[in-house]
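The values are calculated or read from the model by the stated rules, or taken from the named source; none is laboratory data. It should be emphasised that the depicted structure is a prediction, and the values quoted were computed from it without experimental measurement. Heads up, the Cβs are rebuilt from the backbone with ideal geometry, glycines too, and the neighbour counts pull from every protein chain shown. Accessible surface is based on the protein model in full, side chains and every heavy atom, while ligands, DNA and RNA are left aside. Shrake-Rupley method; radii C 1.70, N 1.55, O 1.52, S 1.80 Å.
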Amino acid sequence: MSGAPTVAIIGRPNVGKSTLFNRFIGRREAIVDGRPGVTRDRNFGVVDWNGRQFWLVDTGGLILGAEDSLNRAVRHQVEQAVTESDVVLFLVDVEHGVHPADLEIAQYLRKARRPMILVANKADQLPVDSRHLAFYELGLGDPFPVSAAVGKSSGDLLDRVVALLPPAGAVTEEAAIDVAVVGRPNVGKSSLVNRLLGSDRLVVADEPGTTRDAIDTPLRYEDRTLVFIDTAGLRKRSKVDDDIEFYSTLRTARAIERADVCVLVVDARDGVHVQDLKIANDAWERGAALIIAVNKWDLIEEKDTNTAVRGEREIKARAPFLEFIPFIYVSAKTGQRATKLLELILAVARERDKRIATHEVNEVLGALVDRQQPPQPVGESVRLLYASQIGTAPPRFAIVSNRPEAIPESYTRYLLNGFRAAWQFTGSPITIKFRRKREQAAHR
């Protein structure tokens, strides 16, 4: 997808940009709410239509004259989205008619000189609705009437979009790595993603909670496509009162669920909180590779070569599974170790996809059993017969035993630690399932 064209949806606040975005990508990805200004960042999604794939970008509402810091940041995002796009969809609202902001945006778009479609949204009474004709006043060609909420004419609009896209090139590459950047509010997630991307693609403001959607942003690095999902900060549910924040939390949980790699960002000044451990455990349980990025490391003044080691030791004592997770100490502000974080993301993704030959699995299993036999309860002895890797992303192993139900959790942990000693799987969860020999299972 990295070589795919880009289509941006722009317009003033509350004209239905996120609704159209969700209609095109086929799922409720962007938060839709009656209040203007809910979308603040550029939200990326993939659209596949008539054999063509393209990135679709949902942008914040464009208020050209507003001068407060947040609206200036949103305006910068929209302008950058237009610059980077192959086609622009300028969305207007037939219910409110031509708005002064529409005239300003039209003037801006004429200067931008990008292929563009003027989309007249909320034309729910098609084909008899003629309110879109008023938008000829903008001087941007024929208004295209649609109803994003109910889907009327959305397929015809996609046909028009595809017709304007540049010719398709033959691109073959490995699947993209989905990277969810997660953590509590205001720890610097968006700033860190912007540093990694090398541009201010995500709105960063002093107020916490600026990011409300899970934002997909692609980056090409070392011949791989990384799709960064910058998420709203996760808080304890008891503190999530506002509907918008509730849905942001839900989006974050979904981002973790579909991520290949989760980067848990924590504030170096605050340390790791209980909520951070909960987020890490959620990612681990869902099978994502995990990295802990300790941000704002530049603000720690009294530190020596052992400061990080001591901190990690204390954290791992609270959550033993973190023993297998890499920590990296970064600064979104200065760029300290930003490149190393990209390299680490690729490394843990490789570990998560690692496959071990069956003969090697059985050699390691045999050595582990020789060193320590499984506990032998009364009755038939417990034997581990053979093993194989049955899946990747994350790695999964199956061990065939005559009595799988008699193997205690402590021995499973012993085998898991043995497998890690042999093959590392750094940053990735691994699982072992015990199975009964088929003829024994059939007999029982």
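Quick one: length gained pulling Arg413 to Arg160 fully straight, 0.36 nm per residue minus the C-alpha distance?
Residue separation times 0.36 nm, minus the Cα-Cα distance, leaves 85.4 nm.
So if R0 is 25 Å, what FRET efficiency would Tyr386 and Glu323 give, r being the distance between their Cβ atoms, rounded to the nearest 0.05?
About 0.35, to the nearest 0.05.
How high is the FRET efficiency from Ala168 to Asp370, r the C-beta distance, R0 41 Å, rounded to 0.05? Walk me through the intermediate numbers first.
Details: r = 57 Å, r/R0 = 1.39.
After rounding, the FRET efficiency stands at 0.10.
I need to check one value: relative contact order of the range 277-396, counting alpha carbon pairs closer than 8 Å and at least 6 residues apart, in percent.
27
Holding the Cα-Cα limit at 21 Å, pick out from Lys296/Lys354; Lys278/Lys316; Lys189/Lys316; Lys354/Lys433; Lys278/Lys340; Lys122/Lys152 the pairs that are longer than that.
Violating the 21 Å Cα-Cα cut-off are Lys296/Lys354; Lys189/Lys316; Lys278/Lys340.
Find the accessible area per residue for the range 295-374; the probe is 1.4 Å, ligands and nucleic acids are left out, and the unit is Å².
Per residue, the range 295-374 has an accessible area of 59 Å².
Mind listing the long-range amide H neighbours of Lys354? Cut-off is under 5 Å, sequence gap 5 or more, other chains count too, H placed in the peptide plane at 1.01 Å from N.
So Lys354 has HN proximity to Ala393.
Go through 258-266, 362-370, 393-401 and give me the packing order, highest mean Cβ count within 10 Å leading.
By packing density, highest mean first, the sequence is 258-266, 393-401, 362-370.
Sort 156-164, 5-13 for me by packing, meaning the mean count of neighbouring Cβ atoms within 10 Å per residue, highest on top. Kindly include the intermediate steps, with their values, before the conclusion.
On the way: 156-164: 16.4, 5-13: 22.9.
Highest to lowest by the protection proxy: 5-13, 156-164.
Mind giving me the nanometre distance, one decimal, between the label points for Gln275 and Val378, set 7 Å out from Cα along Cα→Cβ?
For the pair Gln275/Val378, the computed spacing is 5.2 nm.
Run the accessible area of the range 299-444 with a 1.4 Å probe and give the carbon-and-sulfur part as a rounded percent.
Answer for the range 299-444 is 50 percent, counting heavy atoms of protein chains only.
Based on the mean of other beta carbon atoms within 10 Å per residue, what is the order of 89-95, 20-26, most packed first?
On the way: 89-95: 23.4, 20-26: 21.1.
So the peptides 89-95, 20-26, ranked by packing, come out 89-95, 20-26.
Apply the Karplus curve 6.51 cos²θ - 1.76 cosθ + 1.60, θ = phi - 60°, to the phi angles in the range 351-357 and return the couplings in whole Hz, x for Gly and Pro.
For the range 351-357, the Karplus curve yields 4, 5, 9, 5, 10, 10, 4 Hz.
I'd like the Karplus ³J(HN,Hα) series for the range 360-371: coefficients 6.51, -1.76, 1.60, θ = phi - 60°, whole numbers in Hz, and an x wherever there's a Gly or Pro.
Rounded to whole hertz, the list is 6, 4, 6, 5, 5, 4, x, 5, 5, 5, 4, 6.
So for the pair Arg220, Val98, with labels modelled 7 Å out along Cα→Cβ, what separation do we get in nm?
Result: 4.2 nm between the two label points.
At Lys111 and Trp49, where each label point lies 7 Å from the Cα along Cα→Cβ, what is the point-to-point distance in nanometres?
Going by the 7 Å Cα→Cβ label model, 2.9 nm.
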